[in-house]
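Trainee: Here you go, one structure.
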Amino acid sequence: MKNKIIELLSKNIPDIDKEELGNLLEIPPKPDMGDYAFPCFRLAKTLRKAPPLIASEIASNIEPADFLQKVESNGAYVNFFLNKEGLVKSILEKASKDDFGSSDEGAGKTICIDYSSPNVAKNFHVGHLRTTIIGNSIYKIYSKLGYHVERINHLGDWGTQFGKLIVAYKKWGDEASVKEKGIEELMRLYVVFHEEAKKDPSLEDEARAWFHKMELGDEEALKIWRWFVDISLVEYKRTYDLLGLDFDHFTGESFYRDMTDDVVSKIENAGLLTESEGAKIVDLEAYDMPPCLILKNDGSSIYATRDIAAIFYRKNTYNFTKCLYVTGQEQKLHFSQVFKVVELLGNEWAADSLVHIPYGLVSLAGEKLSTRDGNVIYAEDILKEAISKIKEIIIEKNPDLPNKDEVSKTVGVGAVMFNDLYNQRIKDVSFNWNKLLNPDGETGPYVQYTYARCSSILRNVGEYDISDIDYSFITDPASIALIKDFDRFPSIIEDAAAKYEPSVIARYVMDVAHSFNKFYTDNHINVEDEATRNARVSLVVITRRIIKDALALLGIGVVEQM
Ligand code: ARG
């Protein structure tokens with residue numbers, strides 16, 4: 001509809017291109033101001049006339065069209081009133097299709113997305129929860145648009161820290177404690193190493209020597225390292241299971257260890273490698289960035305070297321149109337440097353197709369989150385706490401609900417995810433139990449409750465037939481507002497993808513839930529008259545499906561009762 005109006009406007013206002021007309025076109029705050037409004041202030045300068053005069057001229061020149069009921073000027077605005085029956089019919093015919101919102105925009109294209117990527121032997125904390133939740137949602141959004149997506153977990157599983165861990169394990173650890181306590185014990189050993197190394201700096205050399213052994217493929221070193229990786233993965237997978245998500249590849253930094261020599265030669269052959277205090281770097285002063293470190297003075301590769309290797313590997317293996325990286329803002333410079341080095345190696349595609357997607361911090365808003373030893377907050381514990389809090393509420397308010405555990409899991413985990421995705425990702429997320437679990441707030445539980453309400457309405461109606469709706473029964477403002485929300489779904493998904501911004505979907509599904517609840521307050525569904533009932537039921541059916549699909553794009557599930 002919007003495009004059709006832009007067409008009509010464009011014929012009367014040839015000086016402004018269609019894109020700008022589209023940006024200027026507004027949705028008025030009240031229905032009596034029409035469905036769309038075009039402000040004429042911007043034209044006053046070029047046409048040298050008062051805006052209200054321009055508005056009334058445009059209004060009378062717009063040619064009649066069957067989708068328009070009327071066009072009027074009101075002050076400086078041209079107000080467009082759509083033909084309601086035509087509007088309702090055209091939207092509902094599209095929205096009632098099962099694949100509403102899907103598209104083939106991405107057909108034949110591959111997106112790589114690098115997210116979650118915790119650091120082995122360290123706990124999976126709240127920061128990693130954000131990259132995991134945001135990355136998973138971006139994966140779902142791109143898949144919905146027909147892209148093929150490769151989900152990559154770039155585990156931090158290589159580097160000198162593993163030399164330190166091996167030393168600490170051999171000196172102060174034992175097999176039984178590591179088996180029993182897992183990551184917790186590995187973190188303890190890491191702390192012990194640093195305390196001891198303060199007293200005895202030669203431990204640092206020992207650690208470097210062990211990491212060097214790892215790089216040379218020493219059996220003993222690699223065996224211990226692999227064990228630490230496996231232990232960590234078991235714990236990470238528990239968190240992924242709770243979140244209900246998975247990856248296509250667990251190719252961590254170690255996966256690229258044999259490819260870094262090639263990266264160094266490439267950089268050297270391109271004449272980009274320079275020496276600085278014994279280390280090898282790429283000078284990026286011309287691009288206003290500090291140099292990108294490629295080899296340390298002991299000749300070992302680093303995080304950035306492995307990231308450069310990973311880009312070449314992924315480009316060759318998956319031929320991506322885009323490779324996305326979801327990490328905290330503090331890695332902005334790292335990615336700018338790495339992307340620039342790849343570009344300077346003669347890869348023009350790097351500038352457009354490598355994208356860093358940063359996000360803000362998690363602030364605890366005075367909340368006491370349960371911690372294990374050493375005050376570390378595990379993502380797993382947060383999710384479990386959310387589940388048990390929801391279960392308490394269910395036991396109190398709805399003791400007869402069947403499958404309480406399953407419902408608590410979907411709602412508890414969903415609440416944490418929704419809280420993470422509801423604001424622009426770059427903003428900090430505050431963590432407040434009362435707020436994020438409140439079924440009357442702007443929360444996951446509120447949206448899931450609206451879904452369950454739709455299900456319950458349909459159960460009460462029993463049999464219905466929505467194959468042949470008489471749209472003339474839908475006229476009230478609340479129904480029209482809800483239908484207009486349906487209409488936005490496809491463009492909302494495109495917008496969320498273009499901005500790498502799941503909050504666009506989260507805000508949208510909240511709008512749909514609000515509009516639905518208003519519609520439900522204003523309209524009885526299970527009325528005597530069959531034609532009216534079917535028309536209203538069709539809105540419940542579509543709302544229910546859109547909420548389910550939109551939540552799925554956030555990685556959140558639904559429940560039939562709660
Ligand atoms: N392991 C890193 C961290 O926890 C994130 C890795 C992000 N991905 C990458 N290709 N560098 O900070």
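The values are calculated or read from the model by the stated rules, or taken from the named source; none is laboratory data. Remember, predicted model here, so these are calculated numbers, not experimental data. Every residue, glycine among them, receives a Cβ derived from its backbone with ideal geometry; neighbour counts consider all protein chains shown.
Trainee: Scan the range 292-304 and tell me whether some residue there is closer than 30 Å to Gly412 by Cβ and touching a residue at least 12 places away in the same chain (Cβ under 8 Å).
Mentor: No, the range 292-304 contains no residue that is closer than 30 Å to Gly412 by Cβ and touching a residue at least 12 places away in the same chain (Cβ under 8 Å).
Trainee: Where residues in the range 297-313 are under 27 Å from His125 (Cα atoms) and of a type in the set (D, E, K, R), which of them is nearest to the ligand (Cβ to nearest atom)?
Mentor: Asp307
Trainee: When you check Thr260 against the structure, is it part of a loop (DSSP other than H, G, I, E, B) and within 16 Å of the ligand (Cβ to nearest atom), yes or no?
Mentor: Against the criterion (part of a loop (DSSP other than H, G, I, E, B) and within 16 Å of the ligand (Cβ to nearest atom)), Thr260 does not qualify.
Trainee: Of all residues in the range 462-477, which are acidic (Asp, Glu) and either loosely packed, with under 12 Cβ neighbours inside 10 Å or more than 11 Å from Glu530 (Cα to Cα) (or both)?
Mentor: If the condition is that a residue be acidic (Asp, Glu) and either loosely packed, with under 12 Cβ neighbours inside 10 Å or more than 11 Å from Glu530 (Cα to Cα) (or both), then Glu463, Asp465, Asp468, Asp476 are the ones that fit.
Trainee: Given the criterion modelled with pLDDT under 95 and of a type in the set (Gly, Ala, Ser), identify the matching residue among Gly86, Gly101.
Mentor: Gly86
Trainee: Those residues that are surrounded by fewer than 17 Cβ atoms within 10 Å (Cβ to Cβ) and closer than 30 Å to Lys109 by Cα, I need them from the range 271-312; list them, please.
Mentor: Tyr303
Trainee: Next question. Return the residues of the range 116-141 that are near the ligand (Cβ under 10 Å from one of its atoms) and on the phi > 0 side of the Ramachandran plot; say none if nothing qualifies.
Mentor: Ser116, Ser117
Trainee: Let me ask something additional. I'd like to check something: does the range 174-182 contain any residue that is over 19 Å from Asn119 (Cβ atoms), in contact (Cβ under 8 Å) with a residue 60 or more places away in the chain and small (Gly, Ala, Ser)?
Mentor: Scanning the range 174-182 turns up no residue that is over 19 Å from Asn119 (Cβ atoms), in contact (Cβ under 8 Å) with a residue 60 or more places away in the chain and small (Gly, Ala, Ser).
Trainee: Just for helices (runs of 4 or more DSSP H) wholly inside the range 316-400: which have at least 3 residues that are more than 21 Å from Leu436 (Cβ to Cβ) and within 16 Å of the ligand (Cβ to nearest atom)?
Mentor: Of the helices (runs of 4 or more DSSP H) lying wholly inside the range 316-400, those with at least 3 residues that are more than 21 Å from Leu436 (Cβ to Cβ) and within 16 Å of the ligand (Cβ to nearest atom) span 332-344.
Trainee: Here's another thing I want to ask about it. Gly441 versus (1) farther than 26 Å from Val541 by Cβ; (2) in a helix (DSSP H, G or I); (3) free of Cβ contacts under 8 Å to residues at least 24 places away in the same chain: which is the lone unmet condition?
Mentor: Evaluating Gly441 over (1) farther than 26 Å from Val541 by Cβ; (2) in a helix (DSSP H, G or I); (3) free of Cβ contacts under 8 Å to residues at least 24 places away in the same chain leaves (2) as the failure.
Trainee: Hey, another quick one. I'd like the residue in the range 401-434 that is assigned to a helix (DSSP H, G or I) and at pLDDT below 95 and, out of all such residues, is surrounded by the fewest Cβ atoms within 10 Å (Cβ to Cβ).
Mentor: Going through the qualifying residues, I end up with Asn434.
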